[in-house]
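One structure is given here, and the rest of the page talks about it.
FYI, it's all coordinate maths here, none of it is from the lab. For clarity, every value in this text was computed on a predicted model and none was experimentally measured. Every residue, glycine among them, receives a Cβ derived from its backbone with ideal geometry; neighbour counts consider all protein chains shown.
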Amino acid sequence: MKALVLNGGGRRGGFTTAMCGAFSASLEKEGWDVCELFLLGLDIGHCTGCEQCRSSDGCVISDGMTPVYGMLEECDLLVMAAPVRFSGPSSMLKTAIDRFQPLWHHRKEGGGYAAGMLCGGSAAPNFGNTLTVIRSFAATAGMSWAGDTCFPGTDRALITDAETQAAEFGRRVADGFRGTERR
Ligand SMILES: Cc1cc2nc3c(=O)[nH]c(=O)nc-3n(C[C@H](O)[C@H](O)[C@H](O)COP(=O)(O)O)c2cc1C
């Protein structure tokens with residue numbers, strides 16, 4: 001099984017990256033092949049809404065996003081990870097999601113599975129807005145929801161606690177896939 005993890009964090013040493021690492025390690029322990037992309041490190045431009053993907057197969061912009069379309073096709077599970085920023089997804093994740101607009105024009109069923117992994121600084125971040133965004137994208141792309149985990153309170157919490165939660169989420173997700181051909 002293959003997973004593609006979109007890391008929408010801003011800091012390589014932050015909670016989002018720590019959660020992605022622990023989650024990926026969990027899946028790899030179960031024999032998964034995991035590819036994690038630190039989105040901020042890629043050159044991903046904004047969707048301009050040019051609508052050329054309405055009539056062509058893919059996006060006309062050639063940049064860091066270009067190989068990601070193929071990676072999504074190949075994976076069984078897409079994981080979208082991000083910190084909550086002003087009660088929404090980080091712009092790094094949202095920019096990448098917007099660039100999946102070709103999938104909106106070429107919708108199909110049975111597009112695999114998607115999951116979410118979020119964190120937020122306050123004791124009670126508004127995770128709901130971001131979950132709505134990523135779940136709506138997953139549904140648009142014909143993906144079924146494999147679950148999500150949200151870690152609040154990063155302003156005061158230990159990064160190791162976030163890793164523990166993400167690792168447990170990884171085990172849960174792997175369990176859900178066990179023995180099934182999900183694509
Ligand atoms: C621009 C910005 C906006 C933020 N907005 C929120 C917010 O609305 N709610 C919240 O709980 N935390 C908010 N935070 C805190 C981050 O979610 C938190 O610091 C998180 O751990 C950052 O992810 P990282 O550790 O992977 O860098 C914000 C942080 C930044 C930089």
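Observations
- Cross-link reach list, lysines versus Lys29, counting only Cα pairs under 25 Å and skipping chain neighbours closer than eight places: Lys2
- The tail of the calculated P(r) for the stretch 1-83 beyond 15 Å holds 61 percent of all Cα-Cα pairs.
- The angle between the Cα long axis of helix 127-140 and the main principal axis of the chain comes to about 40°, on a 0 to 90 degree scale.
- Simple label model, 7 Å out from Cα along Cβ direction - Asp43 to Thr66, nm: 1.0
- Distance histogram in 5 Å bins (all Cα pairs of the stretch 2-177, percent per bin): 1, 9, 18, 22, 22, 15, 8, 4, 1, 0
- Convex hull (Cα only) mean projected area of the stretch 129-183, reported in nm² to one decimal: 4.7
- Its Cα gyration tensor gives the stretch 45-141 an equivalent ellipsoid. The semi-axes, each the square root of 5 times an eigenvalue, are 25, 15, 12 Å from largest down.
- Only beta bridges with both residues in the chain are counted; by DSSP, about 5 percent of them are antiparallel.
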